[in-house]
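Notes follow once the structure below has been shown.
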Amino acid sequence: MLRVAVVGSGPSGCYTAQSLVQLGRDVRVDVLDRLPCPYGLVRYGVAPDHEKIKSLQNTLRTVLEHERVRFLGGVPVGPGGVPSARLRELYHAVVYCVGAATDRRLGIPGEELPGSWSATEFVSWYSAHPDAVDDGFLRGARSAVVIGVGNVAVDVARMLVRGTAELSGTDMPQAALDALAAGRVADVHMVGRRGPSQARFTTKELRELGALPDTAVVVDPAELALDAGYRDPSGLPGAQRRNVEVLRDWAGRPAPDAARRIRPRFFLRPVELTADGDGRVGAVRFERTAPDGRGGVTGTGRYEEIEAQLVLRSVGYRGVPLEGLPFDAASGTVPHRAGRVLRGGVVAPGEYVAGWIKRGPTGVIGTNRPCAKETVTSLLADAAALTGRALPADPLPLLRAEGLEPVEWSGWRAIERAEADLGTSLGRHVVKLPDWESLLAAARTATT
Ligand SMILES: Cc1cc2nc3c(=O)[nH]c(=O)nc-3n(C[C@H](O)[C@H](O)[C@H](O)COP(=O)(O)OP(=O)(O)OC[C@H]3O[C@@H](n4cnc5c(N)ncnc54)[C@H](O)[C@@H]3O)c2cc1C
């Protein structure tokens, strides 16, 4: 019997566990997560109003309920939890599926001003991540700038203009729902430093902005036309061409009267966040850019300011080094060959990676499936060499003896019941528990 620890229960961890039990008959898998709740960014990243994508949790659930798979939540690997070296003693192989937990920085003055947050902080708050801090994100803001033109930027822009009627059916925590419902943001500027044909959002997400109640999408045809791909989209790849077509359609008709406006902006590079009289962010100063003819942009020396009492920075994610694992700081990933971890260019036996920590923060949820399968194929090819080592009995009592209190599947089910009960008490459907205390208290009811 091959015993494998998968660290991380997001899509890549779940797909890894699935491939392991599908492709290997004599394999048992423990899926460890630092959180008491499974599913990674499907629970704590995918926007709450995207119920169809959220429902992928049901597919991942079947993996974690497989008879040879065991979920152990509340087990951080690294400082304050199980050292990775200890995991190697307890399992024949360890697959790290820890995602890319931090944001890229802009590296410009004023980035730390009150009122400026990473999109991750905002997403974590409305997704009820137990580490999230309620910093009063909206706090009277009338104008918001979202820096970035990817799908996460579109998500946060959309959440800023959605009202109670549309959000109360989601599982968003009550405090975030109340704050967003009371929000006064009338203008959301979503700003990219390159042109519309180079934006990374997908057409479906972009188009959805045009269908939001009482919200107009306002684009400036002259700004869009700075992009040769916009003026003549015929040579663009399909995805970019469709994005451009959506923007051309908006540019071609007058924006309707509406209480709120989303303003996609292009060819603007942020150079500074400036403070208002109270020392909070008051505006973002941008340099106008222009295409450099080689697919990039160059500064023009012309500047403009956009008023903003709220700034959300959404310029990408980065992996963080995990204690005991090699790390390539340039790419923010763990060096690997077909999923096998490389130490100094040499394969480290029994250590593997999958998902965002393996290939960087790219692709959709489904991209993690073939990524995990490649890793599992490598692992199973190594199985004969790995199982030569005798292991201690079940690792669970050993982890407990070392002071950890893993949340088993029954604990997670108890959290789900508590969230359903909370929803009922608030006249809503399921409502997420937003803090460690209530999650762990709910998990404990499974054994009492
Ligand atoms: C805001 C946002 C919205 C998104 N929306 C969509 C969408 O709508 N559609 C789509 O297709 N894709 C979406 N994505 C992309 C998708 O979420 C990722 O492709 C996917 O989650 C990556 O999977 P992963 O398993 O590698 O990482 P993650 O999902 O991040 O999972 C990593 C897991 O590892 C755990 N972990 C981390 N460190 C440790 C540790 N030291 N010890 C134990 N556990 C640890 C974490 O708690 C987490 O559960 C979105 C991404 C973001 C950031």
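Considering only protein heavy atoms, with the full assembly of protein chains and a 1.4 angstrom probe, order THR424, THR16 by accessible area, largest first.
Sorted by accessible area, descending: THR424, THR16.
So what J values fall out for the range 352-362 if you push phi through Karplus, 6.51 cos²θ - 1.76 cosθ + 1.60 with θ = phi - 60°, rounded to Hz, Gly and Pro as x?
9, 9, 8, x, 4, 6, 8, 10, x, x, 10
Rounded to the nearest 500 deg cm²/dmol, what is the calculated helix-only ellipticity per residue at 222 nm for the chain, with -39500 (n - 2.57) per DSSP H run of length n ≥ 4?
After summing the helix terms and dividing by residue count, I get -9500 deg cm²/dmol.
Run the reach check for LYS373 against lysines, Cα to Cα strictly under 16 Å, same-chain hits fewer than 8 apart removed. What comes back?
Cα-Cα hits under 16 Å: LYS358.
How large is Rg over Rh for the chain, taking Rg from the Cα atoms and Rh as the Kirkwood inverse mean of 1/r across Cα pairs?
1.00
Compare the peptides 24-35, 356-367, 291-302 by average per-residue count of other Cβ atoms within 10 angstrom and give them in order, highest first.
24-35, 356-367, 291-302
Where only protein heavy atoms count, and the probe is 1.4 Å, what is the accessible area per residue for the chain in Å²?
Ligands and nucleic acids excluded, the result is 43 Å² per residue.
Taking 8 Å as the Cα distance limit and 6 or more residues as the minimum spacing, I'd like the relative contact order of the chain as a percentage.
After rounding, I find 21 percent.
From the backbone phi of the range 41-48, what are the Karplus-calculated ³J(HN,Hα) couplings (6.51 cos²θ - 1.76 cosθ + 1.60, θ = phi - 60°) in whole Hz, Gly and Pro given as x?
These are the phi-based 3J(HN,Hα) values: 6, 5, 7, 10, x, 3, 4, x Hz.
Taking H placed 1.01 Å from N in the peptide plane, check which residues at least 5 places from PHE71 or on another chain put their amide H under 5 Å from its amide H.
Answer set, sorted by chain and number: VAL31, TRP409.
For the range 179-258, what mean projected area does the convex hull of the alpha carbons give, in nm²?
5.9 nm²
How about LYS432: which lysines have a C-alpha closer than 19 Å to its C-alpha, ignoring those fewer than 8 places off in the same chain?
LYS52, LYS54
Calculate what fraction, in whole %, of the accessible area of the range 353-431 sits on carbon and sulfur atoms when a 1.4 Å probe is rolled over the protein chains.
C and S atoms contribute 59 percent here.
When the Kirkwood hydrodynamic radius is evaluated over all pairs of different C-alpha atoms of the range 8-71, what value in angstrom, to one decimal, is obtained?
12.0 Å
To the nearest 10 degrees, how steeply does helix 409-425 sit against the main Cα axis of the chain, on a 0 to 90 scale?
40 degrees
Got the relative contact order for the range 246-396 handy, in percent, Cα pairs under 8 Å and 6 or more residues apart?
Rounded, it is 12 percent for the range 246-396.
When ranked by the protection proxy of mean other Cβ atoms within 10 Å per residue, highest first, what sequence do the peptides 308-318, 80-90 form?
Highest mean packing first, the order is 308-318, 80-90.
Rounded to the nearest percent, how much of the accessible area of the range 104-313 (1.4 Å probe, protein heavy atoms only) is carbon and sulfur?
47 percent
Taking the Cα centre of the chain as origin, sum charge times position over the Cβ atoms of Lys and Arg (+1) and Asp and Glu (-1), and report the length of that vector in debye to the nearest 20.
In debye, rounded to 20, the chain gives about 1260.
Kirkwood Rh, the range 104-313, all Cα pairs: how many Å?
Mean inverse Cα-Cα distance, inverted, gives 17.6 Å.
Among VAL29, VAL77, LEU322, whose Cα projects farthest towards the positive end of the dipole of the chain, with charges put on the beta-carbon of Lys, Arg (+1) and Asp, Glu (-1)?
The listed residue farthest towards the positive side: VAL29.
Report the charge-dipole magnitude of the range 104-313 in Debye, nearest 20, computed about the Cα centre from +1 at each Lys and Arg Cβ and -1 at each Asp and Glu Cβ.
Dipole magnitude for the range 104-313 comes out near 740 debye.
The values are calculated or read from the model by the stated rules, or taken from the named source; none is laboratory data. Keep in mind it's a predicted model, so treat the numbers as computed, not measured. Note that we place each Cβ from the backbone using ideal geometry, even for glycine, and neighbour counts take in every protein chain shown. For accessibility, only protein heavy atoms count, side chains too; no ligands or nucleic acids. Shrake-Rupley method; radii C 1.70, N 1.55, O 1.52, S 1.80 Å.
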